[in-house]
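Throughout, read-outs are computed from the coordinates displayed, never taken from laboratory work. Please read all numbers here as calculations on a predicted model, not as lab measurements. With ideal geometry, Cβ positions are generated from the backbone for all residues, glycine too; neighbour counts draw on all protein chains shown.
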Amino acid sequence: MRRLSRTVLSLIWLAAGPAAAEAPAVAGAWIRATPPGARTAAAYLTLAGSGTADRLLGAATPAARAVEIHASVVENGVARMERLPELAVPAGATVLLEPGAVHLMLIDLAAPLAPGAKVELSLRFATAGTVEVEVPVLDARMDPHAH
């Protein structure tokens, strides 16, 4: 009986392990407003890694058919976007998703995104699971990272 109790407790502890992982903190999230007819938008944010390394595997929102992790790259003087399968969030590190660099691309928008609107965004992490974020839509001229 004692062995069975230990086994059951061990299984419960193992099952709770991934759920107990602390999610990376999300800060400074914003989405660039879109002009009428635009089919895509970019989302930016800062991820602060917890005590456990994690990976951003993807995201979803009711505002778009798909969300992809993209990196802006320049090759031979030509700028383009490259889809990333995931994004590492090292333990204790800060990862910036910002204009001209890594960002989330919202694809096939359901409607234009106007300044002042808010978009529900679900971030899916390998270890921490899903993190829900409410993201404000800002006019491009109000870029909080501009200097």
> For GLU120 and ASN76, what is the calculated FRET efficiency with R₀ set at 41 Å and r taken between the beta-carbons, to the nearest 0.05?
Replying inline: 0.60
> Can you sort ILE107, ILE69 so the residue with the fewest Cβ neighbours within 10 Å comes first?
Replying inline: ILE107, ILE69
> What residues qualify as long-range amide H neighbours of VAL135, i.e. H under 5 Å apart, gap of 5 or more or another chain, H built at 1.01 Å from N?
Replying inline: VAL119, GLU120, LEU121
> Which whole-Hz couplings ³J(HN,Hα) result when phi for each residue of the range 24-32 is put into the Karplus expression 6.51 cos²θ - 1.76 cosθ + 1.60, θ = phi - 60°, listed in order with x for Gly and Pro?
Replying inline: x, 6, 10, 9, x, 6, 7, 10, 6
> Which cross-chain or sequence-distant (5 or more) residues have an amide H under 5 Å from the amide H of SER50, H modelled 1.01 Å from N in plane?
Replying inline: ALA25, GLY92
> Toward the positive end of the charge dipole of the range 20-139, about the Cα centre and with charges on Cβ (Lys, Arg +1; Asp, Glu -1), which of GLY129, ALA48, VAL67 goes farthest?
Replying inline: VAL67
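Take the Cβ-Cβ distance between THR52 and ILE107 as r, set R0 to 25 Å, and report the resulting FRET efficiency rounded to the nearest 0.05.
Details: r = 30 Å, r/R0 = 1.20.
It comes out at approximately 0.25.
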> What ranking of LEU57, LEU106, LEU45 emerges when the number of other C-beta atoms within 10 Å of each C-beta is taken as an exposure proxy, fewest first?
Replying inline: LEU57, LEU45, LEU106
>> Starting from the 7 Å offset along Cα-to-Cβ, what nm value, one decimal, do you get for the label separation of THR130 and LEU96?
In response: 3.1 nm
> Once the piece of chain linking ALA66 and ALA38 is laid out straight, how much longer is it, given 0.36 nm per residue of separation minus the C-alpha distance between them?
Replying inline: 8.6 nm
>> Counting other beta carbons within 10 Å of each residue's own, what order do ASP139, ASP54 fall into, fewest first?
In response: ASP139, ASP54
> Where nothing but the Cβ of Lys and Arg (+1) and of Asp and Glu (-1) is charged, how large is the charge dipole of the range 20-139 around its Cα centre, in debye to the nearest 20?
Replying inline: 220 debye
